[in-house]
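Peer 1: Can you keep this structure in mind? I'll have questions shortly.
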Amino acid sequence: MQPDDCLFCRLYREADPVHSADGFIAIKDINPQADTHLLVIPRRHIDSFREIREFPPEEARAMLDFVADTARHVGLEDYKVVVNVGPGAGQTIFHLHWHVLGGRIRGLA
Ligand code: 5GP
Ligand code: ZN
């Protein structure tokens, strides 16, 4: 179920991605916590990683490939992939997304 007011559903349609594939985009985080801080956003809306079973298996696999492809695309060999699950873990946007952090990392680690 895709809420009408979901920021990342809107960004999926409107943002200018640094990398994209069918069903996935990567955009720059507006408040970067590292030299390179990207957000991988799937087109499919689920509130958080907790609901990952709602992804069809091929789509979940494609999302993981896209995370790795995005890092490679921007020239990162070493990096962190972070998913905050729930407010207690720092999640503020309730549309599943993956943080990709490279270079000097200040937060989210
Ligand atoms: P969370 O805290 O939910 O794991 O991550 C949400 C991330 O989205 C934060 O790192 C925050 O800086 C980023 N963010 C929030 N609003 C916007 C926006 O309008 N555009 C972009 N590019 N990033 C955003
Ligand atoms: Zn959404």
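The values are calculated or read from the model by the stated rules, or taken from the named source; none is laboratory data. Not measured: the values here are computed from a predicted model. As a convention, Cβ positions derive from the backbone with ideal geometry for all residues, glycine included, and neighbour counts pool all protein chains shown. Quick note on the areas: whole protein, heavy atoms, side chains included, nothing else; ligands and nucleic acids left out. Shrake-Rupley method; radii C 1.70, N 1.55, O 1.52, S 1.80 Å.
Peer 1: From the residues in the stretch 1-35 that are touching a residue at least 60 places away in the same chain (Cβ under 8 Å) and open to solvent by 40 Å² or more (accessible area, probe 1.4 Å), which one is farthest from ligand 2 (Cβ to nearest atom)?
Peer 2: Keep residues of the stretch 1-35 that are touching a residue at least 60 places away in the same chain (Cβ under 8 Å), which gives 6-9, 26, 29, 33-35.
Right, trim to open to solvent by 40 Å² or more (accessible area, probe 1.4 Å) and you get 7, 33, 35.
Numbers: Leu7: 7, Gln33: 22, Asp35: 28 Å.
Across the stretch 1-35, the extreme among qualifying residues is Asp35.
Peer 1: Report yes if Ala26 is more than 10 Å from ligand 1 (Cβ to nearest atom), of a type in the set (Gly, Ala, Ser) and under 17 Å from Asn84 (Cα atoms), otherwise no.
Peer 2: Working: more than 10 Å from ligand 1 (Cβ to nearest atom): yes; of a type in the set (Gly, Ala, Ser): yes; under 17 Å from Asn84 (Cα atoms): yes.
So Ala26 fits the description; yes.
Peer 1: Right, next: Considering only the stretch 72-107, state which residues are in a loop (DSSP other than H, G, I, E, B), farther than 15 Å from Ile25 by Cα and open to solvent by less than 60 Å² (accessible area, probe 1.4 Å). Outline the logic, then answer.
Peer 2: First, pick out the residues of the stretch 72-107 that are in a loop (DSSP other than H, G, I, E, B): 74-79, 83-86, 90-97, 106-107.
Then keep just the ones that are farther than 15 Å from Ile25 by Cα; that gives 75-79, 83-86, 90-94, 106-107.
Hits for the stretch 72-107 are Leu76, Val83, Asn84, Val85, Gly86, Gly90, Gln91, Ile93, Gly107.
Peer 1: Does Asp69 meet the test of being surrounded by 15 or more Cβ atoms within 10 Å (Cβ to Cβ) and modelled with pLDDT of 95 or more? Lay out the reasoning, then the answer.
Peer 2: On the way: surrounded by 15 or more Cβ atoms within 10 Å (Cβ to Cβ): yes; modelled with pLDDT of 95 or more: yes.
Spelling it out, Asp69 is indeed surrounded by 15 or more Cβ atoms within 10 Å (Cβ to Cβ) and modelled with pLDDT of 95 or more.
Peer 1: Right, something else. Consider the stretch 1-35. How many of its residues are acidic (Asp, Glu) and either closer than 27 Å to Ile105 by Cα or in contact with a Ser or Thr (Cβ under 6 Å, 6 or more places away or on another chain) (or both)?
Peer 2: Taking the stretch 1-35 as the starting set, the residues that turn out to be acidic (Asp, Glu) are 4-5, 14, 16, 22, 29, 35.
Still in the list and also either closer than 27 Å to Ile105 by Cα or in contact with a Ser or Thr (Cβ under 6 Å, 6 or more places away or on another chain) (or both): 16, 29, 35.
Matching residues across the stretch 1-35 total 3.
Peer 1: Regarding Arg50, is this residue free of Cβ contacts under 8 Å to residues at least 60 places away in the same chain, closer than 19 Å to Met63 by Cα and within 13 Å of ligand 2 (Cβ to nearest atom)? I'd like the intermediate steps shown before the answer.
Peer 2: On the way: free of Cβ contacts under 8 Å to residues at least 60 places away in the same chain: yes; closer than 19 Å to Met63 by Cα: yes; within 13 Å of ligand 2 (Cβ to nearest atom): no.
When the stated conditions are applied, Arg50 does not pass them.
Peer 1: Could you tell me which numbered condition Pro42 fails, if it satisfies all but one of (1) within 15 Å of ligand 1 (Cβ to nearest atom); (2) free of Cβ contacts under 8 Å to residues at least 60 places away in the same chain; (3) within 12 Å of the chain's Cα centre (by Cα); (4) closer than 20 Å to Ile105 by Cβ?
Peer 2: (4)
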